[in-house]
Amino acid sequence: MTTAIEQIGRSGLRAARASQDTLTFAFRILARMFDVRAYNSAVRMVLINQIYFTSVQILPLFLAVAVIFGAIVIGIIGQYLIHLGLFYYFGQLLMGFVVTEFAPFITVLLIALRSSSAINAEIAVMKVNKELNTLYVFRIDVINYLFLPRILSGILSIVLLSWLFSMIVLASGLIFSALLFDMSMNDYVTALLASAKFSDLIVMLIKCATMGFFIIMIPIRYGMRATDELTSIPVSVLQGMVNVFIAIMIIEVVSLIVMSLIEKFI
Amino acid sequence: MALKTEWKVGLFIVLTVLLILAGLGYMAYKKGIFQPENTYTLSSRTGDGLSVGMPLYFSGFKIGKIVELELSDKGMVMIKITVPTQHAKWIRSDSKFVLEKPLIGSPKFTVTTLNLSSPLLSSNSIATLKEVNDINDVIQMVQPILDQVAMITDNVERLTGSLADPKGDMSRILKHSGELTGYLSSKKSVLEMALGDEKSVQNIHASLQNARNITDQVGQLLKKTDEELYGKDGIIPLVIKILRELVTNLGKIGITLDNVTKISSNTAEATQDLKLFRSEVDSTVNSLNRLINELDKKIPFKSEPKIKLP
């Protein structure tokens with residue numbers, strides 16, 4: 001019994017310590033992010049490459065997913081609303097669910113599956129191969145050179161791709177609502193505009209940026225935890241990805257709370 | 001390769017940002033963010049049901065919103081509303097601002113304008129916000145009914161109290177009813193129940209027997225009377241016979257009367273002749289009188305009249 005309680009306490013302390021380490025690391029990265037001296041030509045080059053790998057390379061797949069998912073989601077939502085006699089809320093559901101929730105979630109999921117895991121593995125391999133030590137020896141700041149461009153790329157990619165996803169879903173929604181529900185373009189746009197709120201879009205923007213920050217920072221953090229053994233690489237990737245999903249869920253919940261508070265008080 | 005990557009990334013960022021800005025710009029334009037707005041001030045007794053951002057409706061269309069709520073020095077709630085210039089034409093000096101508080105649902109802030117030719121509402125003037133409160137109206141309507149219900153409840157309570165009271169009227173009635181039904185149930189017949197005395201019932205039976213005897217006697221009497229009246233030698237046939245004879249005699253009397261009538265008419269005619277004869281006699285007598293008078297004047301056969309003295 002005592003051992004079990006000790007085990008729980010040990011796990012709790014470990015989790016608290018890990019969270020503290022992660023947050024401390026996050027603050028270090030954030031502090032560096034607003035330091036203009038950090039952005040030298042090498043960093044800019046890495047940043048461009050990272051944006052290319054994270055956003056541009058994924059674009060064809062991303063656009064296809066956006067069109068397919070958008071059509072499916074709008075079709076299902078529209079059908080349900082018609083069955084329930086609530087088609088009046090079609091615009092609200094598109095803006096409230098598809099744009100502010102669904103689009104960021106799918107984008108984050110795609111980026112996390114593709115880029116976060118890759119970055120986690122990359123950092124872990126660098127750690128195992130002692131490349132990070134080499135950078136230390138040559139007095140190259142790993143935060144500036146390795147981490148900052150990747151995290152900035154993650155933030156930028158999630159924000160831009162989420163908005164792009166929303167635009168594509170709404171555009172495909174226009175076509176599919178005309179085909180499936182005989183809805184005119186004017187009615188569709190009016191319904192969307194009536195439900196669109198700038199406050200929701202700002203919360204969505206902040207949420208995307210926060211998610212972009214954490215889904216790259218957490219894999220970096222766990223990649224750094226890899227030991228000198230090659231077998232530690234998959235372990236660090238696994239732990240990193242699990243924590244990425246936990247972080248996504250936490251951010252989703254926090255954003256929902258913030259949005260409801262804004263709705264209530266503003 | 002580097003140039004190509006940079007170009008692709010640049011193009012991606014620029015196009016995506018442009019797309020986002022275009023979308024946001026369109027949304028802002030359609031929502032009237034760039035449109036100039038007119039600000040109006042309203043006053044209200046209470047700020048209950050009002051909130052910043054609350055939309056203002058005209059004919060069911062959202063034309064503005066509340067942007068500020070504050071208390072004046074006199075304790076009145078000052079409401080600042082903004083209305084895009086394109087919708088300012090609906091707000092006139094005689095427009096009515098109403099806060100509708102329905103029984104169910106959230107309050108609705110509306111403006112109604114009956115005369116669209118009235119001058120536009122000035123931004124400096126302070127219009128009054130009227131409150132339409134369905135809940136209070138309903139309570140006001142329901143209050144008399146509730147009072148009556150309270151009275152009825154009071155009466156019912158009093159009645160039930162009276163019913164429950166062992167010394168109350170109802171208990172006494174029930175007790176008496178119980179005694180009465182018990183008393184009635186001990187009787188042999190309904191008549192005994194009604195009279196309450198067996199001797200009286202026997203008397204009634206005896207009376208009924210007497211009445212039956214009397215009825216029998218009356219029946220016999222009537223039978224005898226019938227025979228005397230309508231029998232062969234009864235009174236009625238005799239009367240009929242007499243009446244027939246009387247009718248015959250009356251016929252004879254009728255003839256006699258006809259004769260009498262004729263005689264009387266003849267007598268009337270004779271009377272006429274007598275009248276004529278009499279008139280002739282009267283004229284003759286008159287003539288003789290005149291003659292005698294004449295003679296009397298001319299021949300003095302009479303002695304002189306003597307005057308008798310006293």
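Overview of results
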read-out: Percent of C-alpha pairs per 5 Å bin, region B:115-248, short to long; value: 2, 7, 5, 6, 5, 5, 5, 5, 5, 5, 5, 5, 5, 4, 4, 4, 4, 4, 3, 2, 2, 2, 2, 1, 1, 0
read-out: Residues along region A:136-166 losing 20 Å² or more of accessible surface when the other protein chains are present rather than the chain by itself (probe 1.4 Å); value: A:160, A:163, A:164
read-out: Normalised alpha carbon radius of gyration of the protein assembly as shown [divisor 2.2 N^0.38 Å]; value: 2.57
read-out: Kirkwood estimate for chain A, i.e. one over the average of 1/r between Cα atoms, Å; value: 20.4
read-out: Simple Cβ-charge dipole of region B:94-194, Lys/Arg +1 and Asp/Glu -1, about Cα centre, in debye nearest 20; value: 300
read-out: Average Cα contact separation per residue, region B:36-135, under 8 Å, 6 or more apart, as relative contact order %; value: 33
read-out: Extension gain, residue B:180 back to residue B:267 (0.36 nm per residue minus Cα-Cα distance, nm); value: 21.8 nm
read-out: Kirkwood-based shape ratio for region B:1-83, expressed as Rg/Rh from alpha carbons; value: 1.35
read-out: For region B:37-135, with +1 on Lys and Arg beta carbons and -1 on Asp and Glu, the positive-most of B:50, B:40, B:77 along the dipole; value: B:40
read-out: Per-pair calculated FRET efficiency, R0 = 25 Å: residue B:65 and residue A:97 via Cβ, rounded to 0.05; value: 0.50
read-out: Options A:216, A:140, A:105, ranked by Cα towards positive dipole end of the protein assembly as shown, top entry (Cβ charges); value: A:140
read-out: Under 30 Å between alpha carbons - lysine pairs in region B:197-243 that sit 8 or more apart or on different chains; value: 5
read-out: Two-decimal log10 I(q)/I(0) for region A:78-155, as the Debye equation yields it once each C-alpha is a single scatterer, q = 0.16, 0.18, 0.23, 0.24 Å⁻¹; value: -0.72, -0.82, -1.03, -1.07
read-out: Centroid-to-centroid separation of region B:176-215 and region A:6-31 [C-alpha atoms, Å]; value: 108
read-out: Aspartates and glutamates with Cα under 15 Å of residue A:207, excluding same-chain neighbours fewer than 8 positions away; value: A:101, A:252
read-out: Cross-link reach list, lysines versus residue B:62, counting only Cα pairs under 19 Å and skipping chain neighbours closer than eight places; value: A:197, B:30, B:31, B:80, B:89, B:96, B:101, B:108, B:130
read-out: Using distinct alpha-carbon pairs, which all enter the 1/r mean, Kirkwood radius of region A:147-266 in Å; value: 16.9
read-out: Among B:222, B:146, B:129: highest mean-square fluctuation, GNM of chain B, C-alpha pairs under 10 Å; value: B:222
read-out: Rh (Kirkwood; distinct C-alpha pairs) - chain B, Å; value: 37.4
read-out: MRE, 222 nm, helices only [DSSP H, n ≥ 4, -39500 (n - 2.57), over the protein assembly as shown, to nearest 500]; value: -23500 deg cm²/dmol
read-out: Region B:197-243 pair-distance distribution - Cα-Cα, 10 Å bins, rounded %; value: 25, 25, 18, 15, 11, 5, 0
read-out: Charge sum, other residues only, whose C-beta stays under 14 Å from residue B:35's C-beta, Lys/Arg counted +1 and Asp/Glu -1; value: +4
read-out: Accessible area expressed per residue, the protein assembly as shown, with surrounding protein chains retained (probe 1.4 Å, Å²); value: 65
read-out: Cα convex hull of region A:1-126, projected area averaged across orientations, nm²; value: 13.9
read-out: Accessible area that becomes buried as A packs against B, both chains, 1.4 Å probe, Å², nearest 100; value: 1800
read-out: Förster-model FRET efficiency, 30 Å R0, residue B:74 and residue B:51, C-beta, rounded to 0.05; value: 0.85
read-out: Where A:150, A:139 fall by accessible area, highest first, once all protein chains stay in place (1.4 Å); value: A:139, A:150
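The values are calculated or read from the model by the stated rules, or taken from the named source; none is laboratory data. Keep in mind the model is a prediction, meaning the values are calculated, not measured. A quick note on method: Cβ atoms are made from the backbone with ideal geometry, for glycine too, and the neighbour counts reach across all protein chains shown. We work out accessible area using only protein heavy atoms, side chains counted, and drop any ligands, DNA or RNA first. Shrake-Rupley method; radii C 1.70, N 1.55, O 1.52, S 1.80 Å.
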